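Undergrad: What follows is a structure written as structure tokens; I'll ask about it next.
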């Protein structure tokens, strides 16, 4: 499963859409009790399958978080080291320039 941005919002939107569709279907297309129960159960099963799919996607995202955090920490550490090196290089160049200026 791939991690998708905004999955939380998509899941909620989907769930509310299904619930609203079921309610509107019951209100505007009345059937006898047995057919209505079958219809509700079928819709419920569809919703359950879709919810399970989204939960798997969320689990896939959750499992990737430690690895992503580790990568970010490594990149931050490397960036800090590069900044320190650049500061040292600039400091040495400035000191050299000031020494040359004082001599000449």
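Undergrad: Would you mention how many residues in segment 53-76 are within 21 Å of residue 12 (Cβ to Cβ) and in contact (Cβ under 8 Å) with a residue 40 or more places away in the chain?
TA: Count: 7.
Undergrad: Kindly check whether there is at least one residue in segment 62-70 that is modelled with pLDDT of 80 or more and surrounded by 11 or more Cβ atoms within 10 Å (Cβ to Cβ).
TA: yes
The values are calculated or read from the model by the stated rules, or taken from the named source; none is laboratory data. Quick caveat: nothing in here was measured; it's all calculated off a predicted structure. Don't worry about glycine lacking a Cβ; one is built from the backbone with ideal geometry, like all the others, and counts go over all protein chains shown.
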